[in-house]
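Enquirer: Dropping the structure in here first, questions after.
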Amino acid sequence: MPRVVVNVMPKPEILDPQGKAVTGALKRLGFEGMTVRQGKRFEIEVEGEVTPEVLQQVTSAAEKLLANTVIETFEVVEG
C-alpha cells in the first residue's frame, strides 16, 4: 500500500525536555557535539495512488489531529 509520512517537530522556540534529556545522555556516554530535538513520525497507508488530493487530506489530518500547530511544525512527504 502507498504510504505518506507526517513528521512533527517542536517549534524552535519551544522547550524540548525529551530532546534535552537525550542530548545529556549522549554527552554522558561520550558523544560530544550533538544536540537532539525529539519529534514524532506518523506513517499513513492510503488506498490507491498518492495524489495531490490525498496529500491535502493528510495535511488536513495533521493540522487537526497529528500536530499541535501552536507549538509544533509538521511536514507531509510521500514515502
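Enquirer: For the chain, what's the relative contact order in percent, using C-alpha pairs closer than 8 Å and at least 6 residues apart?
Expert: Contact order relative to length: 53 percent.
Enquirer: Mind checking the per residue accessible area of region 3-78 for me, 1.4 Å probe, whole number of Å²?
Expert: It amounts to 72 Å² per residue over region 3-78.
Enquirer: Sorted by accessible area with a 1.4 angstrom probe, largest first, how do F42, F31 fall?
Expert: Correct descending sequence by accessible area is F31, F42.
Enquirer: Tell me, in nm to one decimal, what length is gained between Q57 and R41 on full extension, where the rule is 0.36 nm per residue of separation less the Cα-Cα distance?
Expert: Stretched out fully, the Q57 to R41 stretch lengthens by 4.1 nm.
Enquirer: For the Cα atoms of the chain, what angle does the longest principal axis make with the long axis of helix 17-28, in degrees from 0 to 90, nearest 10?
Expert: Tilt relative to the chain: about 50 degrees.
Enquirer: Could you check which residue among T23, T59, T69 shows the biggest mean-square fluctuation in a GNM of the chain with a 10 Å Cα cutoff?
Expert: Comparing T23, T59, T69 in the GNM, the peak value goes to T23.
Enquirer: Moving on. Pull out the extension gain between A25 and R3, defined as 0.36 nm times the separation in residues minus the alpha carbon to alpha carbon distance; nm, one decimal.
Expert: My answer for the length gained is 4.6 nm.
Enquirer: May I ask you to list the lysines whose Cα is less than 24 Å away from that of K20, ignoring any residue fewer than eight positions away on the same chain?
Expert: K11, K40
Enquirer: Ordering K27, K40, K11 from largest to smallest accessible area (1.4 angstrom probe), what's the sequence?
Expert: Output order, biggest surface exposure first: K27, K40, K11.
Enquirer: Give me a comma-separated list of calculated 3J(HN,Hα) values for region 63-74, in order, Karplus coefficients 6.51, -1.76, 1.60 applied at θ = phi - 60°, integers in Hz, x for any Gly or Pro.
Expert: Calculated HN-Hα couplings, in order: 5, 8, 9, 6, 10, 8, 5, 6, 10, 10, 10, 8 Hz.
Enquirer: Let me know the whole percent of all Cα-Cα pairs from region 3-78 that are separated by more than 22 Å.
Expert: The proportion of pairs with Cα distances above 22 Å equals 38 percent.
Enquirer: So, one more: Given a 1.4 Å probe and every protein chain left where it sits, what share in percent of the accessible area of the chain is carbon and sulfur?
Expert: Whole-percent figure for carbon plus sulfur exposure: 56.
Enquirer: Per residue of the chain, what 222 nm ellipticity follows from adding -39500 (n - 2.57) for every DSSP H run with n ≥ 4, rounded to the nearest 500?
Expert: Mean residue ellipticity at 222 nm (helix-derived): -8500 deg cm²/dmol.
The values are calculated or read from the model by the stated rules, or taken from the named source; none is laboratory data. This structure is a prediction, so every number in the text was calculated from the model and none was measured. Surface accessibility is based on the protein's heavy atoms, side chains included, excluding ligands, DNA and RNA. Shrake-Rupley method; radii C 1.70, N 1.55, O 1.52, S 1.80 Å.
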